[in-house]
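Engineer: Attaching a single structure in structure tokens format; questions to follow.
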Amino acid sequence: MAEQSGPLAGKVAVVMGVANQWSIGYAIAESLANAGAKLAITYRAERSLRDATKLVELVPGSKAFQCDVDSDDDIDKLGDDLKAEYGVVDTLVHSIAFAPPAELRGRFIETTREGFITAHAVSVYSLIAAAQRISPLMTNGGSIMTLSYLGADRVFPQYNVMGVAKAALESTVRYLAADLGDARIRVNALSAGPIKTKSARGIPGFSTMKDAAADKSPIKGELTAKQVADVAAFLASDAASGITGETIIIDNGFHVLGI
């Protein structure tokens, strides 16, 4: 490994929620590394460690940290470990979402209390909890970003409670942007179109959604994780210093269509 150059050289980027090498979080980490950033990769399960290790090998000084966002103790430890290892953090990428599979079948009106709470705790509150611990390390300002989806604004069959959670996530982005602006910390959401990932395949009807988007979008063809990842690298850079509180849609233009 050799020291890299680029617009993020000398900066530290925390990427939370890298599940596997097919995930959008993984692609974002690659783009940040290609731009020169050191990576602090968090993973939840041991089975994800192998792919996290591949990422930390990209740039000297990168490291993987196990963190379960359901545990405040784990998030506390992550904040302490990042402070001890790097001192200063420049970018935080939140790539974490979950709803119980049963909640993505049937009708939204059938959402259970437990499923609603779980979806919001994992998909939304985890961003707040991570920002609480990591934003104090952004002493030079920085960029926080999370991943959303058009289901926050529009109804997609069987996306159900996850759509409501994404709406809450986008609202959370705006409130965090207002809170952290004085510290020159920018907070934004990336709303990606349908991308073939392992987690997306668990959404009923996903293939139909993906094929329809590829066929109808102004820019034809499948959206790739790299397209989203390159926007993330831009948001992490000083070139995006005036952008905060936004939900940036990357879907080949599908969202602009009326039919």
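Engineer: Limited to the stretch 1-24, what total is found for residues that are open to solvent by less than 20 Å² (accessible area, probe 1.4 Å), within 12 Å of Ala233 (Cα to Cα) and at pLDDT below 95?
Structural biologist: Residues flagged as open to solvent by less than 20 Å² (accessible area, probe 1.4 Å), within 12 Å of Ala233 (Cα to Cα) and at pLDDT below 95 within the stretch 1-24 amount to 0.
Engineer: Given the condition assigned to a loop (DSSP other than H, G, I, E, B), open to solvent by less than 20 Å² (accessible area, probe 1.4 Å), in contact with a Ser or Thr (Cβ under 8 Å, 6 or more places away or on another chain) and closer than 20 Å to Leu235 by Cα, answer yes or no: does some residue in the stretch 186-193 qualify?
Structural biologist: Taking the stretch 186-193 as the starting set, the residues that turn out to be assigned to a loop (DSSP other than H, G, I, E, B) are 193.
Narrowing further to those that are open to solvent by less than 20 Å² (accessible area, probe 1.4 Å): 193.
Checking the rest, the ones that are also in contact with a Ser or Thr (Cβ under 8 Å, 6 or more places away or on another chain) come to 193.
Still in the list and also closer than 20 Å to Leu235 by Cα: 193.
Yes, that holds for at least one residue.
Engineer: Residues of the stretch 217-244 being part of a loop (DSSP other than H, G, I, E, B), open to solvent by 20 Å² or more (accessible area, probe 1.4 Å) and touching a strand residue (DSSP E or B) at 6+ places or on another chain (Cβ under 9 Å), which ones?
Structural biologist: Ser241, Gly242, Ile243, Thr244
Engineer: So which residues in the stretch 125-154 are in contact with a helix residue (DSSP H, G or I) (Cβ under 7 Å, 6 or more places away or on another chain), among the β-branched types (Val, Ile, Thr) and open to solvent by 10 Å² or more (accessible area, probe 1.4 Å)?
Structural biologist: Ile128
Engineer: Then there's this: All but one of (1) buried (at least 23 other Cβ atoms within 10 Å of the Cβ); (2) closer than 28 Å to Thr244 by Cα hold for Phe98; state the number of the condition that does not hold.
Structural biologist: (1)
Engineer: I need the full set of residues from the stretch 46-89 which are open to solvent by less than 20 Å² (accessible area, probe 1.4 Å) and in a loop (DSSP other than H, G, I, E, B), in order please.
Structural biologist: Val59, Cys67, Val89
Engineer: Go over the candidates Lys63, Lys38 one by one and state the one that is out of contact with any helix residue (DSSP H, G or I) (no Cβ under 7 Å at 6 or more places or on another chain) and more than 20 Å from Tyr159 (Cα to Cα).
Structural biologist: None of the other options fit; the residue is Lys38.
The values are calculated or read from the model by the stated rules, or taken from the named source; none is laboratory data. Note that the structure is predicted; figures quoted are calculated from it, not measured. Note that we place each Cβ from the backbone using ideal geometry, even for glycine, and neighbour counts take in every protein chain shown. Remember, those area values only see protein heavy atoms, side chains included, never the ligands or the DNA or RNA. Shrake-Rupley method; radii C 1.70, N 1.55, O 1.52, S 1.80 Å.
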